[in-house]
Structure formats: structure tokens, C-alpha cells
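Structure record follows, encoded as C-alpha cells.
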Amino acid sequence: MAGGGGGGVTPLGPAPPMWYHRDLSRAAAEELLARAGRDGSFLVRDSESVNGAYALCVLFQKHVHTYRILPDDEGFLAVQTSQGVQPKRFKTLPELVSLYLQPNQGLVTTLLYAVDREETAVTDDRDYSDGEDEKPPLPPRSASTSTPPGPETPTESTLAANGLSTISHEYLKGSYALDLEAVKQGASSLPHLNKTLVASCKRLNGEVDKVLSGLEILSKVFDQQSAFMVTKMIQQSVNQGGDQELENLVTKLAILKDLLSSIEKKALKALQDMSLSSPCSPPPFSMRHSKAIPVQAFEVKLDVYLAELTKIGKSQKYTLSVDVEGGRLVVMKKVKDNQEDWTTFTHDKIRQLIKSQRVQNKLGIVFEKEKDKSQRKDFIFASAKKREAFCQLLQLMKNKHSNQDEPDMISIFIGTWNMGSVPSPKSVASWVLCRGLGKTLDEMTVTIPHDLYVFGSQENSVCDREWVESLRAVLKEQTELDYKPIAVQTLWSIKLAVLVKPEHENRISHVGMSSVKTGIANTLGNKGAVGVSFMFNGTSFGFVNCHLTSGNEKIARRNQNYLDILRLLSLGDKQLSSFDISLRFTHLFWLGDLNYRLDMDIQEILNYINRKEFEPLLKVDQLNLEREKNKVFLRFAEEEISFPPTYRYERGSRDTYVWQKQKATGMRTNVPSWCDRILWKSYPETHIVCNSYGCTDDIVTSDHSPVFGTFEVGVTSQFVSKKGLPKSSEQAYIEFESIEAIVKTASRTKFFIEFYSTCLEEFKKSYENDSQSSDNVNFLRVGWSNKQLTTLKPLLSEIEYLQDQHLLLTVKSVDGYESYGECVLALKSMIGSTAQQFHTYLSHRGEETGNIRGSMRVRVPAERMGTRERLYEWISVDQDETSGPKGKSTMVSRVGHEQSVVRKQLGELGKVNEEGEKNCKEENAARSKQDTPDGESSIGKNSFNNPAYYILEGVPHPSAAELLSSPTSPTAPPVKAPPPSAGARTKPPPAASGPAHSRRTVVAGHPARGVSEESSSEDDGGGATLAGAQGGGIGGTVGSTLNRPPPDFPPPPLPKGALETAAAEAQLSKPRSLYPDLAEVRIPPAGPAGPLVMGDGFRRGAAGALDDQSCSVLQMAKTLSESEFPGQPPRAPSAPPPVRAPTIGILDACRTFPPRNPIPESIAEDMPEEALWGSSSSSLSVGESSVGEWLQRLGLERYEQGLLHNGWDDLEFLSDITEEDLEEAGVLDPAHKQILLESLRQQQQQK
């Protein structure tokens, strides 16, 4: 720790001065100085780049200047100087600072005003409402254990090294003279040296004994003669000591050497002899005991289109039978007279599964009929859960019969449980089988073993060995497999155990373990986190189990716990020390008792729980609220919660919440809450799907219910090139055309970029940025041209290898070598002959610190273009099925929630899964032709010019007004906004993913609570609202959520006429005084003014929340900045062209973000223009683009589920529906049938 020091005077003097802030982050230091606001304000913090060093931060002319203070070999401190300048050395920091308090000492200004740290009293982490003890529990006998021992146990090895060093020094200082005296008197031995050597080798002796004991077992099996000798030696070593102990160690080492060199040959001979005597060898243990999966049958209905109904009558019933072991799918059709007609498809004839995103129980299956010809059939399952079970079984069948040696995909079970300091019940089967409440697995797939099981527990009083054995026993009982423990990490009563299928044991490597204490004063382990990391073949995984501070009101403390764990948990590749653990792994899972509570009256909470209405509760969930503010879990995802709060139940029952407890301090209220959670964060363009997320309802020993989640995760193999290392002519290259970043800093230093990747031999650095500008004192825009950026050479050049690789970037300052922001980019979308644009956010220490964009390409030689389809690519998602030819489908590429890249169009279904080289070239061509305009519009030329993207909390915004105004243009006069037009919509259009998921991040078709750049405007919780309650004015609450990068897909450019009206509206109401400069924004007139259409009635349900249609400063800035340039890049069909767009105001521009009708490109070309752009005269206009909206207009939305369930999911074909069809869909009321049919007839006539 930088604040510490070895004996004598510490670098901080007798007591740490108040201007020393220890491990304060760089960003937090700049914020403190910005608040101080006076030239000469200063503070000292620990350096983020060098252990044991410090950083002196000084404010001058609104910019922060940072000087590194480095210790030399003798422990003296000096400010880092230019080359050739003699540094001034000091024993302590106060001495150094006292010199620079005097003028003309070489700094940019004299140190004048110390910015003192805020002394916070050590708060007690106990929450008396939780029933925690008055004193924290004592740790177990071993405070932190790791089983098996990890690769890094630095404390033990350091102590051992110091111990040996001390023993040797003691001999040379004292005993050496005694031996010398003995030799002078004629002695022939050195007893004191012998004693020293025996003490030095004490640990070695024990290790050798352990190894020999293990070899003894192998010897008894393969080499009886050696086994006798080893046994005899071990017995002798127990009784020997003194002079003979060292000699005995040498003998044992000799035997160990002989055994190690010969045991393999002897074992090979023994096994060869056994194979000759018994030619039919038994199958491996894991295969012998694995449970066979029975044939599973699914009752479905064929989803036919109305054009075909005339030929075949009503929709037909089918049975789909999946034989996983045999590798077959039997499609059986029931025909007349109870006869059956069936077709059998082998696993290799099933080309693709296509999930409908709008109809959750609908699935398309593409079968191979003849070579290069395929047929698609759509089936309606009994429920969405049955569809998922069918897909899982088919994937399992594909995996089982694949000719690939290594898996493309694995399944992971993750569980978290606060055990309440009592042992678990005899059976926890419901936990490992995901049975209970919420999103659970179907009974057909619930017993299929997962590849990895991860168990996190808190307040676990069971010892490690007993806990792991109990978990293995329950898994053995349920799966008939002996799961192998990879690692068990413990901090007091917080435990994390990872177990793996026996067949995967050799695929696990680089196991790491770590723990962080966050209890009282960060010294007690009653709160904190444990972590485990490893590689599964070529994919890195990290798992963190935490127990955060309890107490309803301690939100800030929990947030700080999270940030401390993120920074201090030592996991993963040590080369990635510049990156926090959220960027070190392909997949990071964070689980535990996070202890975030619900901010609502207890009686209201109980009423909602009784009615099973969880959405209002999730809106006041502290974790959700903090995530929306970007305070914690930046860009993590969480599956939708559909189970009741897991805490605080009455023990022995799940019927009653115990929410009051009498304590010495008085009556405490403890509201039911979702304390126990599972979140994850994955690299962009990787495959991960959450298949279940729920809690048990039958494990009642604790006041918490166990929580479970299961995940389907894509993995990569350790790639071995079939063509060897690339020749110079076959070398792939990663080339950058330019990079530009906006960094949240008041510094004006120079920057460089470091590039890290497993596909690079070592990390690479760019040169200094060659462009730099700032429109705001708190932000800096820096740019690197092509000549400043290094061309990177991957180790291997195969496209199959490169499309799985990622590039980590960190933007570092030249003055302090400290990181100002990090990010990760996927190479997959960058492969091609033309450069592709990327755009993502920068973060540092868990906080968003800016964003970065650029242009790059990955050039792959033609000889290395061969690729293959991954198993997880076999299932795709229909994103929008409202219209278009049924033979086509748009497939969602599995883009992670961090990187905005151009989406790929995968083409017609009949041509899916084509051979590698041709497929890859076509994809690249399609991407460069069709998607580049969309990518350009998403990263507009002026996106980064506007500091209104970022607002620093508590710091004035001096130049926002200058940026948004023109000094040469007159100010627009005040104009009143007209009333909302009759056609103004009062409901936001549904997103392409369907109304149910309009506020969720969708990963491979599954909704998840993630915050991403693709969120709608309402996701900017806490942002500024342009249209207030009265209808106008730039005002509202401005929070830290504005420190987010611009969205991936911006709204259409704002018509110039709207700017004038917006400026006038800005004068109608005065905003809050927190950001006075934003209130003074003046926008000049630029052309004829158009009407500013503003609808009211957009309030969200919860009081005090933002409007559904609110427009944040972030989006306003995006719109304004794009309007500065008359020339716009060509637009993809998914964005309405400016010439066709009606004149709209700022609010409308925000309200239509993303573009009003984002129809996928694969079907856009076959649609009429009215359907594409939403003509008001069309019966399928934007106002009624789905069955749900049509029913809502008629007030008959209750029938939506029945219609969708029966396959009536498309407005285009509803005109042919009959009364009988309506009755089958549940419309039994004659009046309602008449209303629906009459409405359809009217729409048909309008066509």
C-alpha cells in the first residue's frame, strides 16, 4: 500500500496529513478539485499506475495538472522531472509538499489551498433489523481458505522466503563462528550448518512426503517392487531426525527422481498387458454412469398461413419426438381415422431453429430436403417453456453427435443462498434442479446435467470439505455423475464452490482465487466477496460471490462495497492489471446477497406481493435504481425477475415475511426485498442466454430463499492452426484508420492507447494523440490519426480463430501513465477488406468516463478464410414477423451490450450454413454494402462535439451555452407551443422486439435487465427532461446518468425550423439552479419555423419518475449536434429519410428514438413504401403495427394472447379470419366477434 512504509519514518510522517486521500480515484480527485474551484487547490493521492508512488494533483485555470511522486531505491520521495533536471529528494510527503507551498519551485502554480479528505466516522455495518449479532461473528479457524490451492498464494510464499532468508542470516551472523571454532579444534562435521539446512528444508521435506505418498498408490497398481521401497522409506523418514534427516531427504529425492522417470513406462506396460487379457475394455467412468435421456414428445400445431389454409383446412396437430441418444427428430402428423403419418430427420438434416420473438411459443424449423434445398415449417408449442425445452434437447442432440472434438457451448448453473448461519436441510434438490418460482426449466429438461455448477453461499457455517461433499452428493443423486471441484474459496462464512463435469476437467486451466473484506473499516470478513476465475479451453470465466452491507438506508455503503470489490479482487490475467475485473473475462458472473432493498411502504409491498404484481416493486428496487444512475454494475445484465422477494421470510415457512424486529435500539422495519441476485457481463458479440432465473419455495431453514439461474454460454476451443504459423504473405493485420475519444477529465495532458489481446504476442502502444480540443472544461476530445496508430499482427491468421477474439483498449495519460478509460471491441464485425466503424463507452473503476469511436479493419488472407458454423449459431431469432415474405427471416446477431457495430444480415434461410469461404465473403460484402450507412448514421460526424452528453455532479457547466448557440445569429423570440395535434400519439411505438420487451436488453431473443446504448429514451432514468409537467422548457432533474455515450442509432436529423421554436420554449420555464448555464441556452433560427408538436399525458406510473416520452439532455445534444451539418450520410431503410419525415420538434425527435418503424433490411425490399415509412392512410400504419395495438384501439386487448397462441400474429393476414377461428382463439362474445370482423372489413376497404 502506498501509504505504508517499512521501519523508521513512514513516507506520510507521524500521522497522514488531511490533504492525503490514500486510494482516491483520479476521477474523484478531479471532481474534488473542480468543486474547490480556486487556482492552487491541491491534494495528494495514491498513484493508480505505480504501487508505492503518489500523485500530486493541482488545479490551475480550471485544469487539473498531475505530478507523479516516486520513491527511489533508498526510500526518498521526489516529483518526477524532465530528463536532465535534478530531482529534489525528501524523506516524507509533508516535507515535499512544504517545499512546493513556496513560489517558483517548478510546478504550474504554487500550492495554495489544501483540499482535505472528508473524515467519515467508521460506521458499523450491522443492520439490527436483520437480526445480525451485536458483535460480528468470529471467523472460522481458517479465515480465508482455498481448496485446492490456487496458483497464487503470495502471502505464504513471501513469508516462507523471508523465513529462509532469516535462518541463513542468523547462521552467518552467529552459528557460523561456532562451526568455525569446532573445525579449528578438529571437528569433521558442521552441526550448526546441518541444523540450519534441516530447518530450511523443513517445508521441502513435507512436500516430498506428500508426492511420495501419491506415487506410492500408483506404484502399488503398476509396480509392486518400487511400491515396497517407497513404503519403507516413508516409514523410516517418520522416525529419523537430527543428522540423518538431511541425508534421508537426499535419499528420498533420489528415489523420487527414479520413480518419476520410470512410472509412466511401467504404467504403460501394465495397461498394455491388461488390454491383451481383456480386449473389451469398459467405457470411461463418466460415460458408464451418465443417465440416458429418454425420448421426449411435444404436442404442437402447425402454423400455416392463410394462403395455404384453403388447401389443407384448419391448422393441423403434430407430435415432435426428440431422441437425443439416437440423434433423430420424428415429426408425426395426425390424419383422418386416427392414422398417423411421420417423417424422421437425423440430426444433420435439421439445418436451423428460428425462434419467434413476438410469439414466444412459436418456432420455425428448417429441414434439409435435398442437397442445397431446404424447407421451413413453423410450429406453435403449448407454452414458451415447452419451446425452450425442445430447443435445449435439440442442441444437446446436435452437441452429442457432433464430429467436433471440443464443445461450442456449455450450460452453467449458478446458485446463491444466504443460509442464515444454520446447516442446510438434507435435500436441496429443488435448488440444483431449478424448481420453484419465477422462470424455471421445463420438467423435460430439468434433470439434464449442466457442465458447470457454481454455488455461492453467505452466512454458511458448514466447513468447506463438508459443504463441497454435500453438493457433490446431491449432484450425484440427481445426475449420476461425480462432479469434480475446481475451486473452493472462503472468506469467513462467504463461500464459492465451482464443480465441473468429469469430462471437462482437463479443459479447465489457469484457476485463480481471491477475496476482499468490506466489513467494518474494510478489515472484517463478515462482509466482502470471494472470487474464482479460470479458462475453459479458450474462454475466460470469472465468478464473484459477495455479501454487501445490510440496512435499508445504506445504499451508498453498498455501492462503495461493490466498487472496492471491483478494484481489489485479484483475478484473471495479471497482464490486464490496467482493467478492472468487469473487463478481464469473456463472461463475468456476479452473485450473492447484495442486500439492496425496496423503497416503499411495507403495507404497499405486501399488497403487491399478495397480488403477484412485481413490476411496481421492481421500479423501487434500490439495485435497479442505482444501476439506472450508472452508480453500480455498469453495463451488467440481469434476467427479468418474476419471483417474489427472497428475503425476509419466517424460518420454517415461506408463507410469511417477518418485517419487524424488536432490538435494543428500538423496533426496526425490514421490508421484503430481492436481496439475492445474479448478474452477468459478457464481451460483445459473444453468445449467452439465461434459460432460468427463480427461487425455491420448499427450502425453509433460512430467512432467505435460495436463488438459481442457468445459462447457455458459447465457448471457444484452444485453436490449433492446420496450416501452421502464417508466412509473411499469409499474415492477418488489424489496422486502424483513426480513433477519437471524449474523456471525462479536467486535465489537458497528452494521451496514448494500449492494446491488449490473447491474439497478440504482447501488448502494443500507440503514439501520442495528434489532435486535441475541448468545448467544456470538464471534458477533453482527443484523436489519433492513422500514422499515430500501430498495425497489430495476430499470432494466427485463420478467420475461424480471429472471429472469436477481442481487443482491450485503455486510454492512458503521458504524464502519469494512469488509465482514463478502458473498453473492449469484438474483432468479428471488423473482419473484411473495408474499414468498419466502432463506437463504445469508456469506463474506469466501475464509472463511465467517456466514449470512443473509430474506424478499423481486420484483414484476413484468402488462404485463411475457411470457417464453420458454431452450435449456438444454429438457433436464430425472428426479430420482426409483422409482414414480408415467409421464406425469409432476419436473424439477430448476438452482439453484446457494450459495443455498437454494424449488424450483419445473414441472408435467406434456404442458404444458411453454407461453406466457410463463400459464406464469409458474402457476409462481408453484404455488411459493407448495406449496413455501412446505418453505421455511419449511428456514429454521426458531430456526435462527439457536444459536452451536453456529460454532466459532472455538482460542477458548473461553463460552456454548454456557447456550444449550443451561435455568436453571429440573433436569438429567437418566444413562441408558444401549439396544442397537440389530433394525430399525436399518446403511446410509444413498440420496439422491434415486441411491446413486452421494450425496456429490456434482448440477448439472443431473451429479455434481460441490461442498460445498453440501444435502450429507449425512457431508460435514461434520472436524465434531464425537455418537456416538463407543464409541457415545455429545458429543465427537470439532471443526474449522473447523463455520463453515458450517445445511443447506437440516433433519431432522424432535427429539422432546422424546430430549433427556433425549441429556443423559444426554453424561455417559458426556468430550470433548477444546479446547472444555470443550460438554462441560458439560445438556439438561433435556421429557416422557416415548424410547429413544435408536444403531447401531454406521458407520465409514468410511479410518482416522481420521468416521463415515458421525456427527452434527456443526452438525446437533445445528439439531435442538436447532428443538425449542425447540412450534409447527412445516406440512410439505411430502417431510418426514415429526412425528406419524407414530417416537421417535428425536439420532443418528437426524442420520442421517435429509435426510428419509428425499424424494419429489418432483409424484408424491407419486399414491402410497399407505405408499410416502410408508416403512411397515415394505410390500415397497417404506425399506429396499428401489431395485433396488440389494433386490439387496444378497439378496447379488446384481452383477446391478444389467445390470437397469438393460435398463430394469428400478423395483421396482414387477419382479414381472412373467420368466426370459427375467433372462437378457437377465445372470442366467444358475439358482440365482440362482430366488432373485430367489422374493423377488419373496414381496413380491407381502405386498402
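Some points to look at:
- Region 52-96 - accessible surface per residue (Å², probe 1.4 Å): 54
- The label-point distance for HIS510 and LYS349, in a model that sets each label 7 Å from Cα toward Cβ, rounds to 4.3 nm.
- Count of Lys pairs (Cα-Cα under 14 Å; at least 8 positions apart or interchain) in region 348-445: 14
- Taking only the C-alpha atoms of region 310-458, Rg followed by Dmax gives 19.3, 67 Å.
- Among the chymotrypsin sites (Phe, Trp or Tyr not before Pro) in region 756-816, those placed in a DSSP loop whose Cβ has at most 15 other Cβ atoms within 10 Å are PHE763, TYR767.
- Across the accessible surface of region 336-475, with the other protein chains kept in place and a 1.4 Å probe, carbon and sulfur atoms take up 45 percent.
- When you filter the GluC sites (Glu not before Pro) in region 315-383 for DSSP loop state and at most 11 other Cβ atoms inside 10 Å of their Cβ, nothing is left.
- Of LYS574/LYS787; LYS210/LYS527; LYS631/LYS661; LYS681/LYS812; LYS527/LYS661, pairs whose Cα-Cα distance is over 27 Å: LYS574/LYS787; LYS210/LYS527; LYS631/LYS661
- Percent accessible area from carbon and sulfur atoms, region 724-846, protein chains only, probe 1.4 Å: 47
- Placing unit charges on the Cβ atoms of the charged side chains and taking the dipole of region 312-457 about its Cα centre, the candidate lying farthest along the positive direction among PHE379, SER402, ALA389 is PHE379.
- Theoretical gain in end-to-end length, SER262 to ASN51 [0.36 nm per residue, Cα-Cα removed]: 71.3 nm
- Solvent exposure of region 723-872 amounts to 33 Å² per residue of accessible area, where only protein heavy atoms count and the probe is 1.4 Å.
- Couplings 3J(HN,Hα) for region 579-588, derived from phi with the Karplus relation 6.51 cos²θ - 1.76 cosθ + 1.60 (θ = phi - 60°), are 10, 6, 5, 6, 10, 8, 10, 4, 9, 10 Hz, where x marks Gly and Pro.
- Ranked by how many other beta carbons lie within 10 Å on average, peptides 821-830, 177-186, 507-516, 1216-1225 from highest: 821-830, 507-516, 1216-1225, 177-186
- Between THR790 and TYR767, the built amide H atoms are under 5 Å apart, and every one of these is 5 or more places off in sequence or on another chain.
- Karplus-derived 3J(HN,Hα) values for region 859-873, using 6.51 cos²θ - 1.76 cosθ + 1.60 with θ = phi - 60°, are 8, 10, x, 4, 5, 10, 8, x, 9, 9, 7, 7, 4, 6, 7 Hz; glycine and proline are entered as x.
- For region 40-121, GluC sites (Glu not before Pro) meeting the loop criterion (DSSP other than H, G, I, E, B) and having at most 16 other Cβ atoms within 10 Å: GLU74, GLU118, GLU119.
The values are calculated or read from the model by the stated rules, or taken from the named source; none is laboratory data. Just so it is clear, the model here is predicted, and its values are computed rather than measured. All Cβ positions, glycine included, derive from the backbone under ideal geometry; neighbour counts span all protein chains shown. With ligands, DNA and RNA removed, areas are computed over all heavy atoms of the protein, side chains included. Shrake-Rupley method; radii C 1.70, N 1.55, O 1.52, S 1.80 Å.
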